[in-house]
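Report on the structure given below.
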Amino acid sequence: MGKKCPEYVSELNDYLDGTLDEGLCSEIEKHLGTCANCRIMVDTMRMTVTLCRDGKPEPMPDALSARLNGLLKTRWEQKFGKPQP
Amino acid sequence: MNEKELVKKAQAGDFEAFTDLINAHKSTIYGLARRLAGNQEDAEDIVQDTFLKAIDKIDQFRLESSFGTWLYTIALNQARGMFSRRQQTDIRTIEEYLPGGQSGHDHSGDGYQLFDWQNPESLLENSQLREIIDRLISELPYKYREAFVLRYLEELPVKEVARQINESEAATKSRILRARLALRDQLSDIFEAEHGQKMS
Ligand SMILES: [Zn+2]
């Protein structure tokens with residue numbers, strides 16, 4: 001018999017990310033073929049990242065841009081002085 | 001004008017050159033802050049503090065990295081500073097998230113099976129799902145959240161995440177895994193409850 005389920009877990013992330021070496025991959029796949037819980041574990045771990053990635057990052061709100069412009073200018077002038085006319 | 005020239009001008013006190021540099025990277029920095037913060041208000045604070053810090057430290061920027069990379073690191077430091085001051089509880093160990101682990105479920109009976117949720121869209125609406133995901137990520141203790149966000153949302157390689165958070169690759173991998181397991185576990189609970197309601 002191979003490893004117990006918990007012993008696979010440290011390798012699961014590498015397996016899911018495609019960075020695990022082939023020998024271990026086939027060992028894990030063999031186990032997944034016989035163990036429903038590990039299979040569900042792997043599928044839902046994969047889905048977890050898929051869901052987290054799903055949202056598109058919103059662009060920076062215009063109001064923030066505008067507020068920052070003023071703030072940064074003030075700080076800049078404190079540091080470098082007001083530009084000469 | 002290329003980045004190097006802009007940096008030189010900014011270091012000599014040219015505010016417009018500085019603004020050009022910032023504008024080229026503000027979407028990236030805002031995106032990072034939004035993901036790390038999990039809410040609008042904190043994200044705005046991180047962005048603001050990052051750009052102010054960049055003004056304070058602009059003379060120290062030596063062009064050893066790109067300006068974008070330099071700014072990115074400042075943003076990470078600002079975020080870490082903000083969240084490490086807040087009270088946080090630790091999450092469970094890797095083993096406790098496993099089938100048969102002590103994750104608060106009853107795994108004792110024979111034939112215990114994890115809840116399988118292949119189609120979360122059938123259980124929750126997209127907007128609800130989005131809200132839940134944002135909340136769960138933002139509730140992770142910061143050191144796990146940071147590792148997870150950098151790895152999977154910012155899509156940095158593990159090596160680069162390790163460099164950014166100043167940890168060994170092994171420690172980094174462990175944080176990423178624990179964060180992923182914690183999120184999976186909480187999503188599982190939510191979907192299982194939702195499924196139960198739909199069935200009854
Ligand atoms: Zn198993």
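Residues in the protein assembly as shown average 53 Å² of solvent-accessible surface per residue, probe 1.4 Å, ligands and nucleic acids excluded. Using the alpha-carbon positions of the stretch A:5-80, Rg (one decimal) and Dmax (whole number) come out as 23.3, 68 Å. For B:SER27, what accessible area in Å² do you get when you roll a 1.4 Å probe over the heavy atoms of the protein chains, rounding to the nearest 10? Solvent-accessible area, nearest 10 Å²: 80 Å². With the simple model of a label 7 Å out from the Cα in the direction of the Cβ, B:ALA12 to B:THR69 spans 2.6 nm. Summary of the geometry: the stretch B:169-185 and the stretch A:61-80, compared by the centres of their Cα atoms, lie 38 Å apart. Radius of gyration over Kirkwood radius for the stretch B:98-199, both on Cα atoms: the Rg/Rh ratio is 1.03. Rounded to the nearest 10 degrees, the angle from helix B:67-84 to the longest Cα principal axis of chain B is 50 degrees. Using just its DSSP H runs of length 4 or more, each adding -39500 (n - 2.57), the protein assembly as shown gives a mean residue ellipticity at 222 nm of -22000 deg cm²/dmol after division by all residues.
For GluC sites (Glu not before Pro), the sites in the stretch B:139-200 that DSSP calls loop and that have at most 12 other Cβ atoms within 10 Å are B:GLU155. Note on B:LYS57: aspartates and glutamates with a C-alpha under 15 Å away, same-chain residues under 8 apart excluded, are A:GLU77, B:ASP14, B:ASP49. In a DSSP loop and with at most 16 other Cβ atoms within 10 Å, the chymotrypsin sites (Phe, Trp or Tyr not before Pro) in the stretch B:111-200 are B:TYR112, B:PHE115. Quote the FRET efficiency, to the nearest 0.05, computed for A:ARG67 versus B:GLU155 with a Förster distance R0 of 22 Å and r equal to the Cβ-Cβ distance. Efficiency for this residue pair is about 0.15.
Kirkwood hydrodynamic radius computed over the stretch B:146-195 comes to 11.5 Å, based on all pairs of distinct alpha carbons.
Seen against the Cα atoms of chain A and their longest principal axis, helix A:5-16 is set at about 50 degrees. The orientation-averaged shadow of the Cα convex hull for the protein assembly as shown, equal to a quarter of the hull surface, comes to 18.5 nm².
At an R0 of 41 angstrom, the distance between the Cβ atoms of B:ALA24 and B:ASP90 translates into a FRET efficiency of 0.60. For the residue pairs B:LYS9/B:LYS53; B:LYS4/B:LYS159; B:LYS8/B:LYS53; A:LYS56/B:LYS143; A:LYS56/B:LYS198; A:LYS30/B:LYS159, alpha carbon separations beyond 20 Å are given by B:LYS4/B:LYS159; A:LYS56/B:LYS143; A:LYS56/B:LYS198; A:LYS30/B:LYS159.
Counting every pair of alpha carbons in chain B, the share spaced more than 31 Å apart comes to 32 percent. Mean per-residue shielding of peptide A:61-72 is 4, counting Cβ atoms of other chains within 10 Å of each Cβ. Counting Cβ atoms of other protein chains within 10 Å of each residue's Cβ and taking the mean over peptide A:74-80 gives 5. What longest range of chain A stays clear of loop-exposed trypsin sites (Lys or Arg not before Pro) (DSSP non-H/G/I/E/B, at most 12 other C-beta within 10 angstrom)? Result, exposed sites excluded: A:5-85. Can you give the FRET efficiency for A:LEU24 and B:GLU3, using 1/(1 + (r/R0)^6), R0 = 35 Å, r = Cβ-Cβ distance, to the nearest 0.05? With R0 = 35 Å, the Cβ-Cβ based efficiency is 0.25.
The values are calculated or read from the model by the stated rules, or taken from the named source; none is laboratory data. Values in this document were obtained by computation on a predicted structure and should not be read as measured data. Glycine also receives a Cβ, built like all others from the backbone with ideal geometry; neighbour counts cover every protein chain displayed. Protein only, heavy atoms only, side chains kept; ligands, DNA and RNA dropped before computing areas. Shrake-Rupley method; radii C 1.70, N 1.55, O 1.52, S 1.80 Å.
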